[in-house]
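The values are calculated or read from the model by the stated rules, or taken from the named source; none is laboratory data. Owing to the predicted nature of the structure, the values given are computational and were not obtained by experimental measurement. When we count neighbours, we look across all protein chains shown, and the Cβ atoms used for this are built from the backbone with ideal geometry, even at glycine. Ligands, DNA and RNA are stripped out before the accessible areas are found, and what is left, the full protein with its side chains, is counted by its heavy atoms. Shrake-Rupley method; radii C 1.70, N 1.55, O 1.52, S 1.80 Å.
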Amino acid sequence: MYAPLRPSPPRARTTLCRGILALALLAGFVTLLRSSDMGLSLAVRPQSSGVMVRRVCPPGMRSSRRLNGQMVCRSASVEEKTEEKSSENFIDYIGRNKDLIQQFVNKETGSRPCPETMWNSKDMDIKSLRANPPADLDVEFPLYVKPGDLSLPQDAKPEDFAAQKGKVRELLLKHGALVFRGFDFTKSMEGYRKTYEALDFLSCEDPLEGTFLRKNADKEIKFTFNQNPTHYVGMHTECTHTLGPVSGAFWCGTPASMGGEFTLLDGRKMFYDLDQDVLQRFYDKDVRIKVVGLPAGPLANVLPRDLMAKAFEGLASNMPGPTADLMSKYELDFHVLDDYEGVPRFGGLEPKQSPVNRHPVTGEPLWFCNIHNHARYLTDRRPNSLVEIARADVYFGDLTTIPGKDVQHIDDITRKNLHKCKMEPGDIVLLDNYRVLHGRENFTDIAPNARKHCVTWFAN
């Protein structure tokens, strides 16, 4: 008989655990750095025989390496067909965006705090609600508003605009989004500010304060996502599980040279247009949104994933910048989960939340889910310039993977109902942040950093 194993001394156990955690993290970072071959259309992959086989992807496709070394083909964007895709790791990204990282907030922004997200999604009978759609379901969306529509001249002043605030609020509640166009005084940023002040909208902090996705124009106004022109921004509300402005106003100072259309989606219409079974499945299971992550590496299939997740959480909580504050602010917890291709990835996830909600004023049911912007299944198939640590994803509430066919259906219905707004200088888009999802097409600027769009969020 074998003698029983003696327990390792405490010092030896501690050293062993630290070594395992270090190897796990190293494997993740090595996998991340290996991603520099992600843009190749001609790839080499090893076979069991030891012979290197060159794999050529069909036209319009690009190769991608999975963690097991297998090469797969994915659809390529127009940009990837015409130019070599550059690789940039997280450290390089930090170095290139030092000015943005200095904008970490909750440092005397001067705005009132962002209100908490108003959830009212319990006990919704999805089938009965969908059987009785509102009579104005197909109301004009968005509504374009010119000076004459408010009985104002083109050279009206902000104080003239204030006299119409009751009508503006009525139109916003009815249509969900208004595009103000043709007003002379809105062509400057100060005119933009005076517009929402005249309408008595109360500015609040951005719910994404501290993520360096936005740069401050001043204490209230934020520049929108101008710095990554090749990145397609999917449809989303500006709500996290914990924080959510009630409304917002987007302003165009200078449009992009080509592309960059502002996109709008009526969440009320989506609730009735989505497939009944898909909507019911999402409502029954809820969703969880992963907001930060890294590849976990092959050790995720060997080591306990809970142990690896704790190691990543410890690493994230000690990173420079506001990471630890964001982990608390958004109530993130950490897991190692497989994505839709079966690749294990670290992830910080928001708490479970409903993909549908009731409007805080009208009580109408709404599609209230950011999966179109965050699902990796979709971001892998469209222009995406985010570094790996910023790649989001969405899982069901029980942390199971959402089937690709469900995600594709949501994308199809989203694109069917999408409205593209080619904003002109001085345009202001005022939207209801609970009813309306927004996004942005990728764009090209002939002059560097020419596009200048801003946003202000409101607590009312």
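Annotations for the structure displayed:
- As a length-normalised measure over Cα pairs under 8 Å and 6 or more apart, the relative contact order of segment 355-410 settles at 28 percent.
- Under the Karplus curve 6.51 cos²θ - 1.76 cosθ + 1.60, θ = phi - 60°, whole-Hz ³J(HN,Hα) for segment 156-165, x wherever Gly or Pro sits: 4, 9, x, 5, 5, 4, 4, 5, 9, 5
- Per-residue 3J(HN,Hα) values for segment 256-269, derived from phi via the Karplus relation 6.51 cos²θ - 1.76 cosθ + 1.60 with θ = phi - 60°, read 5, 4, 9, x, x, 4, 7, 10, 10, 9, 7, x, 5, 5 Hz in sequence order (x marks Gly and Pro).
- Calculated FRET value between residue 400 and residue 130, using beta carbons and R₀ = 25 Å, to 0.05: 0.50
- Residue 247 long-range amide H proximity, modeled H, under 5 Å: 433, 458, 460
- Extension gain, residue 446-residue 157: 0.36 nm per intervening residue step, less the Cα-Cα distance, totals 100.7 nm.
- Rounded to whole numbers, the Karplus 3J(HN,Hα) couplings from phi for segment 451-460 are 5, 9, 10, 10, 9, 10, 9, 10, 8, 9 Hz, using 6.51 cos²θ - 1.76 cosθ + 1.60 with θ = phi - 60°, and x at Gly and Pro.
- Near the amide H of residue 292, within less than 5 Å, lie the amide hydrogens of 348, all on another chain or at least 5 residues away, with H placed in the peptide plane.
- Total lysine pairs in segment 271-416 at Cα distances under 18 Å, for residues eight or more apart or on different chains: 7.
- The order of the peptides 282-294, 154-166, 401-413 by mean Cβ neighbours within 10 Å, most packed first, is 282-294, 401-413, 154-166.
- Summing Cβ point charges (Lys, Arg +1; Asp, Glu -1) relative to the Cα centre of segment 118-208 gives a dipole of roughly 140 debye.
- The portion of the accessible surface of segment 271-416 made up by carbon and sulfur, rounded to a whole percent, is 51 (1.4 Å probe; DNA, RNA and ligands excluded).
- One chain, two ends: residue 188 and residue 138. Fully extended at 0.36 nm per residue, the span grows by 14.6 nm beyond their Cα-Cα distance.
- Protein heavy-atom accessible surface, 1.4 Å probe, per residue over segment 271-416: 37 Å².
- Over segment 271-416, Cα pairs under 8 Å with separation of 6+ residues give a relative contact order of 33 percent.
- Amide H contacts under 5 Å for residue 421: 262, 263, 264, restricted to partners 5 or more places along the chain or on a different chain, H placed in the peptide plane at 1.01 Å from N.
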